[in-house]
Amino acid sequence: MRKPRDIDAELKTLQEKAKQLKAQRTVQLGELVGATGAADALSIEALAGVLLAAVEQAESKPEAVARWVERGTAFFQAGGKKGGRKGTGNDPAGSPGA
């Protein structure tokens, strides 16, 4: 006869793993802000506003998201060096052209 599984212990282990992954994601998001070069110079309110505008724009303009993905891919392929900061119409705050 097989030993019954301890579902409660397995669930607790999974919850702890989920908590660790959330903490790791938070750290990575903070590192991303720093890696962009100047984003960490923005006030927390300005950064939050930019992100909120991006979320709103993502819902209404999927083509903008595709351009952001291209820029992000290029950023990481360049080793996370700040560059390409020229206005390319990809402003998440909804400036003209985005």
Q: Take every Cα-Cα distance within the stretch 42-81, group them into 5 Å bins from 0 onward, and report for each bin the whole-number percent of pairs it holds.
A: 6, 23, 17, 20, 24, 10, 0
Q | Spin-label model distance (nm) - Glu56 vs Lys3, 7 Å beyond Cα toward Cβ | A | 5.7 nm
Q | Extension reserve of the Gln24-Val69 stretch, reckoned as 0.36 nm per residue once the Cα distance is removed | A | 14.0 nm
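All of the numbers you see were taken from the coordinates with simple rules; none came from a lab. Not measured: the values here are computed from a predicted model. Cβ: placed from backbone, ideal geometry, glycine included. Neighbour counts: every protein chain shown.
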